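Inspection log for the structure reproduced underneath, given as structure tokens.
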Amino acid sequence: MAKLKIQTGENNAILRTECVPVVKFDKDLKKLVKDMKKTMLSAEGLGLAAPQVGVNMRVFVLILDYKGESERVIEMLNPVILSHSDEVEVAEEGCLSLPGLYGKVERFLSVVVEFSDVSGTRQVLEVFGLDAREVQHENDHLDGKLFVDRVKKREKSGDMVM
Ligand code: ZN
């Protein structure tokens, strides 16, 4: 496994490009997902999207139920947010690609997301709270969006990086 270089910068072209769907669920994809998980964990992020490591594909990895009983690292490929709660929540976010920047972002409190795992099996998951926030943050990356686009006021310190 290799640790990947994390792309940074608000105007970095790779972070601003819409990603293309995964079509081949092959060995290379498995390696990418494995390397992304390793890179996320070693950078102490809660999530990491493929464009953040320079790959223009609809792939992200994330930690669900962080510090909870069912904490786990999973991958979501070709994710689609099928529905969301009416309720929203404002909380602070940061991003591994925007070191030192934090800000409060409004997100849906829960979302239902459909995605493939690394072997191509399609599944549907309903996530809440921080998990839902991570999914929305990472899904934005696949469309070339960064959390700062949704922030009203930027901050210089914080502790949540995705
Ligand atoms: Zn991010």
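Charge dipole (Cα centre; +1 on Lys/Arg Cβ, -1 on Asp/Glu Cβ; no other charges) of segment 46-109 amounts to roughly 320 debye. Over all other residues within a Cβ to Cβ distance under 10 Å of residue 77, the charged ones net out to 0, with Lys and Arg as +1 and Asp and Glu as -1. Going toward the positive end of the dipole of segment 7-162, with +1 on Lys and Arg Cβ and -1 on Asp and Glu Cβ, which of 9, 161, 63 do you reach last? Most positive-ward Cα: 9. Straight-line cross-link reach from residue 30 at under 16 Å between alpha-carbon atoms covers these aspartates and glutamates, not counting any fewer than eight positions away in the same chain: 75, 117. Under a model in which nothing but the beta-carbon of Lys, Arg (+1) and Asp, Glu (-1) is charged, segment 68-162 shows a dipole of about 440 debye around its Cα centre. Residue pairs exceeding 29 angstrom between C-alpha atoms, taken from 27/156; 3/152; 24/153; 38/67: 27/156; 3/152; 24/153. Ranking 54, 118, 19 by Cα position along the charge dipole of segment 13-161, where only Lys, Arg, Asp and Glu carry charges on their C-beta atoms, puts 54 farthest toward the positive end.
Annotation for segment 1-63: GluC sites (Glu not before Pro) lying in DSSP loop with at most 11 further Cβ atoms inside 10 Å of their Cβ are 18, 44.
Enter the per residue convex hull volume of the chain, computed from alpha-carbon coordinates, in Å³ rounded to the nearest integer.
Details: hull volume 17.2 nm³, N = 162.
Enclosed volume per residue, from the Cα hull, is 106 Å³.
Largest mean-square fluctuation among 101, 48, 77, in a Gaussian network model of the chain whose springs join Cα atoms under 10 Å apart, belongs to 101. The ranking of 102, 66 by Cβ neighbour count inside 10 Å, starting from the fewest, reads 66, 102.
Given Cβ point charges of +1 (Lys, Arg) and -1 (Asp, Glu) and nothing else, what value in debye, to the nearest 20, does the dipole of the chain about its Cα centre take? All intermediate terms of the calculation are to be shown ahead of the outcome.
Numbers: 23 positive and 27 negative charges, 152 e Å.
Magnitude of the dipole: close to 720 debye.
Each value in this text was obtained by applying a stated rule to the coordinates, not by laboratory testing. This one's a predicted model, so the numbers in the text were calculated from it and none came from an experiment. When we count neighbours, we look across all protein chains shown, and the Cβ atoms used for this are built from the backbone with ideal geometry, even at glycine.
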